[in-house]
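Read through the structure below, which is laid out as structure tokens, and then see the notes.
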Amino acid sequence: MDFAVELQRLAGRGGVAVSAPVAKKIPAERTHHGDTVVDHYEWLRDKDDPEVIAYLEAQNAFTEKNTEQLAGLRKQIFAEIKARTKETDMSVPSRRGKYWYYGRTHEGKQYATHCRCPIGDDDDWTPPEVSEDGALPGEEVLLDANVEARGHDFFSLGALSVSDDGNWLAYSTDVVGDERYTLRFKDLRTGALLDELIEDTAGGAVWSADARHVFYQTVDAAWRPDTVWRHDFGTDTADVKVFHEPDERYWVGMGSTRSDRYLMIGAGSKITSEVYVLDANDPTGEFVSVAPRVDGVEYSVEHAVIDDADYFVIVHNDIRGGSKAENFAIDIAPVDDPTNRRELFAHDPGRRIEDLDAFRDYLVLSYRREALPRIAIADLRTITGIPTEADFHEVTFAEELGTVGLAGNREWTTPRLRIGYGSFTEPSELIELDVTTGERTLLKRQPVLGGYDPADYVQSREWATAADGTRIPLSIVRRKGTDENKPAPLLLYGYGSYEASIDPYFSVSRLSMLDRGVVFVLAHVRGGGEMGRYWYENGKELQKKNTFTDFVSAAQYLVDEGWTTPSQMVAEGGSAGGLLMGAVANLAPQLFNGILASVPFVDALNSILDPSLPLTVIEWDEWGDPLHNPEVYAYMREYSPYENVVAQPYPPILALTSRNDTRVLYTEAAKWVARLQECSTSDNLVLLKTEMSAGHGGVSGRYKQWEEISFEIAWILQQTGALAPTDPTAP
């Protein structure tokens with residue numbers, strides 16, 4: 001097909017296009033483990049080929065033409081999001097060193113402005129009052145992202161790191177979307193931008209305590225952060241390579257302990273990790289391993305001071321008592337002898353330990369139980385010696401479903417702890433907790449304009465049953481007026497990979513669906529982390545199909561229980577959740593009247609077979625290694641969405657991707673849509689929308705993001721049949 005001619009046809013008058021652009025077929029063979037596959041759309045992989053670009057643009061035009069009837073609804077939803085959002089706003093200042101740091105947003109501007117103001121007194125821990133319209137006394141602008149973004153279609157801020165003395169800013173930017181950042185330096189005393197420039201960094205930056213050195217990372221050809229460098233700030237000295245990880249399965253990270261006493265480098269695969277530390281007062285010294293890597297053992301390290309003695313607190317899943325601490329345990333060991341470990345928290349199969357944060361006066365445990373995050377605090381001022389589990393007390397909230405965690409505690413010496421909390425119905429809150437008295441002070445609640453009332457909405461927990469009898473938690477929110485006695489429009493969202501937990505969270509844009517009678521459901525399927533490590537283990541590698549069948553069981557449960565009908569239900573997922581969407585489209589197309597897949601990992605087998613592609617080798621611990629293992633190859637061959645598109649009636653499908661995405665290449669969605677359009681026996685439209693200058697996270701800038709969200713919501717409302725607000729007073 002001449003896509004240039006097709007673009008002209010689609011752009012012309014004549015209403016909705018009746019047929020999608022047809023991708024040409026060029027047979028490309030691959031053979032692995034005796035299995036030969038002919039792939040007709042592999043030619044779409046060349047992102048700079050003019051014919052590929054023309055094909056993507058033709059698909060964009062086809063999608064725009066076939067959704068133009070939703071243009072008015074998109075504008076209405078955008079207006080609703082805008083009307084509910086406090087566009088000129090300010091975050092609660094967070095203390096660090098001699099300054100309060102905070103961000104500002106301004107009406108009409110796409111990005112945030114990052115600011116600070118001096119503290120008045122070393123003993124002052126009460127933040128300045130939020131002032132959206134006027135500058136705080138002594139306010140300085142560290143970085144205005146709107147200025148940095150000028151002239152660019154895409155903008156992403158990576159590092160934003162101020163030296164401990166408060167004099168220097170290191171920041172990095174990506175203006176393409178490929179997650180390769182340019183690191184720059186600014187003198188905060190004069191506002192001058194230095195000539196020093198470091199290209200192609202991984203995004204982060206860590207200052208040494210003396211502000212003479214900056215540590216940063218670079219990536220290899222597969223976009224894997226693999227090397228840590230030390231930049232001798234303000235000199236012409238060549239940057240020093242302080243760490244390199246040659247094993248392609250390992251991802252390298254750089255940071256420091258909360259106490260700022262130690263610099264840390266972490267090297268981790270999906271199943272194994274190792275941490276290296278260096279005294280922050282010796283930034284040119286050698287990083288030393290806390291514990292050697294052991295295949296299958298993960299651990300993290302924090303520094304704590306207890307009774308004036310220095311300890312490393314180690315969260316790990318090592319073997320204890322003859323069995324692995326699958327849901328993790330915690331040890332504590334003297335800094336000068338990390339091998340002399342004693343147990344602080346024993347392994348508990350009903351509790352997934354995620355982290356332990358150490359402050360001067362507190363230890364804070366973050367963990368999960370019953371598919372919800374929780375925190376517990378030990379007050380070191382009231383304890384003699386090493387604390388025990390009994391010294392930790394859980395912070396509780398009244399809501400059945402909610403998300404809680406530490407938030408914005410930059411200083412190790414903070415006398416009070418800041419906690420973030422939110423739910424489906426409660427906008428996110430920043431709460432300051434006095435650990436001694438238990439008193440809670442609300443510092444800020446996410447503003448929702450237009451008379452929002454949480455009492456108008458209801459959230460609940462349901463449990464579906466998988467084919468093997470496993471109970472699958474479902475988190476549900478709806479508008480109170482939605483009639484429970486008859487089926488309702490419903491959006492079912494899923495992810496289910498990398499042990500990532502999708503917890504109940506508030507969303508302004510979601511209100512535009514809820515107010516039109518749509519029920520929103522999170523399916524916490526296996527492969528995620530909501531129910532602990534075993535939940536993850538039973539949804540990865542050779543258990544990956546559980547992720548897909550769990551989602552299908554959740555959808556069937558919602559139909560069987562009268563929540564909805566297939567003609568009113570849409571499924572949504574992105575990235576690895578897009579793989580879930582592709583698999584579900586093949587397994588149970590009859591259950592949905594729409595499938596929305598964002599940056600979908602749908603050509604999974606082809607990608608994981610090619611170690612030259614970004615991040616492939618790292619992913620073998622998640623999906624298995626089909627290149628060398630015939631069993632894994634056969635298993636992935638059975639579920640990989642692109643491989644398994646067949647002649648059957650598919651529901652309407654909307655696939656969203658980005659041409660500069662380095663995590664899930666645009667090729668996956670492009671090939672999948674081409675094959676779906678070829679094979680589907682229904683008249684339902686399969687649409688592809690490609691952002692031509694964006695990355696994995698999609699478009700940048702909040703107004704552009706609102707436009708994209710409005711596009712998605714309008715399509716969801718069309719497919720669920722919920723086009724009119726049920727609340728006439730909604731903005």
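The values are calculated or read from the model by the stated rules, or taken from the named source; none is laboratory data. Source: prediction; values computed, not measured. Here Cβ is always computed from backbone atoms with ideal geometry, including for glycine, and neighbour counts include all displayed protein chains.
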Query raised in the report: Is it fair to say Ala634 is within 28 Å of the chain's Cα centre (by Cα) and either part of a helix (DSSP H, G or I) or of a type in the set (Val, Ile, Thr) (or both)?
Result: no
Report summary line: By my count, strands (runs of 3 or more DSSP E) wholly in segment 387-437 with at least 2 residues that are farther than 15 Å from Arg374 by Cβ and modelled with pLDDT of 95 or more are 429-433
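Consider Tyr639 carefully, then state whether it is out of contact with any Phe, Trp or Tyr (no Cβ under 8 Å at 6 or more places or on another chain) and either surrounded by 19 or more Cβ atoms within 10 Å (Cβ to Cβ) or more than 30 Å from Thr565 (Cα to Cα) (or both).
Details: out of contact with any Phe, Trp or Tyr (no Cβ under 8 Å at 6 or more places or on another chain): no; either surrounded by 19 or more Cβ atoms within 10 Å (Cβ to Cβ) or more than 30 Å from Thr565 (Cα to Cα) (or both): yes.
No; evaluated as a whole, the condition is false for this residue.
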Report summary line: When (1) farther than 24 Å from Arg702 by Cα; (2) surrounded by fewer than 17 Cβ atoms within 10 Å (Cβ to Cβ); (3) among the aliphatic types (A, V, I, L, M); (4) at pLDDT 95 or above are applied to Leu194, the one that fails is (4)
Report summary line: How many residues of segment 582-612 are polar (S, T, N, Q) and within 18 Å of Leu492 (Cα to Cα)? The answer is 4
Requested in this report: Exactly one condition in (1) more than 25 Å from the chain's Cα centre (by Cα); (2) small (Gly, Ala, Ser); (3) surrounded by fewer than 19 Cβ atoms within 10 Å (Cβ to Cβ) is not met by Ala464; state its number.
Outcome: (3)
Query raised in the report: Taking segment 361-376 on its own, how many of its residues are farther than 16 Å from Asp503 by Cβ, surrounded by fewer than 21 Cβ atoms within 10 Å (Cβ to Cβ) and without any contact (Cβ under 8 Å) to a residue 60 or more places away in the chain?
Result: 1
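Residues are listed down the side, and each one gets a yes or a no for (1) in contact with a strand residue (DSSP E or B) (Cβ under 8 Å, 6 or more places away or on another chain); (2) under 22 Å from Ser658 (Cα atoms); (3) not β-branched (Val, Ile, Thr):
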position: Asp122; (1), (2), (3): no, no, yes
position: Glu129; (1), (2), (3): no, no, yes
position: Gly134; (1), (2), (3): no, no, yes
position: Val147; (1), (2), (3): no, no, no
position: Ala159; (1), (2), (3): yes, no, yes
position: Asn167; (1), (2), (3): yes, no, yes
position: Val176; (1), (2), (3): yes, yes, no
position: Asp187; (1), (2), (3): yes, no, yes
position: Ile198; (1), (2), (3): yes, no, no
**Report entry** Residues (touching a residue at least 24 places away in the same chain (Cβ under 8 Å), over 28 Å from Gln459 (Cβ atoms) and either part of a strand (DSSP E or B) or in contact with a Gly (Cβ under 6 Å, 6 or more places away or on another chain) (or both)) located in segment 377-386
**Finding:** Asp379
Query raised in the report: Out of (1) within 31 Å of the chain's Cα centre (by Cα); (2) among the hydrophobic types (A, V, I, L, M, F, W, C); (3) surrounded by fewer than 20 Cβ atoms within 10 Å (Cβ to Cβ), the odd one out for Ala291 is which?
Result: (3)
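Looking at segment 516-621, what helices (runs of 4 or more DSSP H) fall wholly within it and have at least 3 residues that are of a type in the set (Gly, Ala, Ser) and in contact (Cβ under 8 Å) with a residue 24 or more places away in the chain? Show your work before the answer.
On the way: elements: 533-537, 545-560, 576-587, 604-609.
Those helices (runs of 4 or more DSSP H) span 545-560, 576-587.
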Query raised in the report: Looking only at segment 174-191, which residues are surrounded by 21 or more Cβ atoms within 10 Å (Cβ to Cβ), closer than 28 Å to Ser259 by Cα and either under 27 Å from the mean Cα position of the chain (by Cα) or among the basic types (Lys, Arg) (or both)?
Result: Tyr181, Leu183
Query raised in the report: Do we find a residue being modelled with pLDDT of 95 or more, farther than 25 Å from Asp434 by Cα, among the aliphatic types (A, V, I, L, M) and surrounded by fewer than 17 Cβ atoms within 10 Å (Cβ to Cβ) anywhere in segment 72-95?
Result: yes
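Looking at the structure I just gave you, is Thr85 among the hydroxyl-bearing types (Ser, Thr, Tyr), over 30 Å from Leu443 (Cβ atoms) and touching a helix residue (DSSP H, G or I) at 6+ places or on another chain (Cβ under 9 Å)?
Working: among the hydroxyl-bearing types (Ser, Thr, Tyr): yes; over 30 Å from Leu443 (Cβ atoms): no; touching a helix residue (DSSP H, G or I) at 6+ places or on another chain (Cβ under 9 Å): yes.
When the stated conditions are applied, Thr85 does not pass them.
Taking the stated definitions as given, is Glu51 without any contact (Cβ under 8 Å) to a residue 60 or more places away in the chain, assigned to a helix (DSSP H, G or I) and either in contact with a strand residue (DSSP E or B) (Cβ under 9 Å, 6 or more places away or on another chain) or surrounded by 13 or more Cβ atoms within 10 Å (Cβ to Cβ) (or both)? Talk me through it step by step, then tell me what you get.
On the way: without any contact (Cβ under 8 Å) to a residue 60 or more places away in the chain: yes; assigned to a helix (DSSP H, G or I): yes; either in contact with a strand residue (DSSP E or B) (Cβ under 9 Å, 6 or more places away or on another chain) or surrounded by 13 or more Cβ atoms within 10 Å (Cβ to Cβ) (or both): yes.
When the stated conditions are applied, Glu51 passes them.
Matching residues to (1) in a helix (DSSP H, G or I); (2) of a type in the set (S, T, N, Q); (3) modelled with pLDDT under 90; (4) under 30 Å from Leu263 (Cα atoms):
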| site | (1), (2), (3), (4) |
| --- | --- |
| Tyr102 | no, no, no, yes |
| Asp122 | no, no, yes, yes |
| Asp133 | no, no, yes, no |
| His152 | no, no, no, no |
| Ser172 | no, yes, no, yes |
| Ala211 | no, no, no, yes |
